[in-house]
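The values are calculated or read from the model by the stated rules, or taken from the named source; none is laboratory data. This structure is a prediction, so every number in the text was calculated from the model and none was measured. Virtual Cβ from ideal backbone geometry, glycine too; neighbours counted across all protein chains shown. Areas reflect the complete protein model, heavy atoms only, side chains present, ligands, DNA and RNA absent. Shrake-Rupley method; radii C 1.70, N 1.55, O 1.52, S 1.80 Å.
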Amino acid sequence: MKISEIPEDSRPREKAKLFGISSLNDAELLALVIGKGVRGVGALDLSYRLLAKYGSLLSLTRADLTSLKEEKGIKDVKGLQLLATLELAKRVESKERYYQAYAPDRLYSSLRLSLPEKEEIRLYFLNGKSQLQGELLIGVGEESLSKAKSKDIIASVIRSGASRFVIAHNHPSGVALPSKEDVTFTSKLQNEAMALDLKLIDHLIYAEQSYFSFAENDLL
């Protein structure tokens, strides 16, 4: 459907002016970024096609220019405009987590925007107010957690000057539940940290659709 065929107060631009930008759904917001479609494919139609192709707005944030250009109506300029808008959203989310106290759901919301294909372990340093002060990638690849050494993690925390920390790793399988090895490693790391007056605040396991927090499940 062409935007000109939509009732005026339901068109993305007019709807945003009347009811505010937050009243627009994902496709309508994308249509504003795209601006104009091409012959036979309006901006709103193109937006719905993109969401159908990638499955969700979250999945669209992981698209690249080559993939976007496979869709009729997307060339370099429009593709880069879309990628720039999505990248800005990811950066805002990433920066925002440094201004608020640590919360598992907030960190998960940020991490899932750039979900890696392989397992990654990340270490987060917290200040006395439990605000994030920095992060460090400490492992990549299959079974990276089982290869990680708790003493190396502790050493990194000490070097950072932090007294509190969080570790997070993803499960590429899509199942965000701890294995026996995850539980054993977390317990060992917690005990070693406590011996040095350091505090492991949480171990976050995450996948695309869910996460598991050791802290929220009273395992720390």
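Results, tabulated for the structure shown:
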{"quantity": "Under 17 Å from the Y54 label point (7 Å along Cα→beta-carbon), backbone N, the stretch 14-41", "calculated": "25-36"}
{"quantity": "Among S59, S163, S22, residue whose mean-square fluctuation peaks in a GNM of the chain (springs only between Cα atoms under 10 Å)", "calculated": "S22"}
{"quantity": "Of all accessible heavy-atom area on the chain, the percent that carbon and sulfur account for (1.4 Å)", "calculated": "52"}
{"quantity": "Average Cα contact separation per residue, the stretch 120-220, under 8 Å, 6 or more apart, as relative contact order %", "calculated": "27"}
{"quantity": "The chain: most fluctuating residue of N191, N25, N170 per GNM, C-alpha cutoff 10 Å", "calculated": "N25"}
{"quantity": "Mean residue ellipticity (222 nm) of the chain, computed from DSSP H runs ≥ 4 via -39,500 (n - 2.57), nearest 500", "calculated": "-13000 deg cm²/dmol"}
{"quantity": "Extension reserve of the Q131-V175 stretch, reckoned as 0.36 nm per residue once the Cα distance is removed", "calculated": "13.1 nm"}
{"quantity": "Label of the coordinate-derived value, mean projected area of the Cα convex hull in nm², listed as [x] 14.1; [y] 10.4; [z] 13.0", "calculated": "[x]"}
{"quantity": "Prolate/oblate/rounded label for the stretch 10-73 (Cα gyration tensor, a/c 1.5)", "calculated": "oblate"}
{"quantity": "Separation of the L219 and E192 label points, Cα + 7 Å toward Cβ, nm", "calculated": "1.8"}
{"quantity": "Normalised contact order of the stretch 15-150, rounded percent, pairs of Cα under 8 Å and 6 or more residues apart", "calculated": "15"}
{"quantity": "Simple label model, 7 Å out from Cα along Cβ direction - A101 to S22, nm", "calculated": "2.4"}
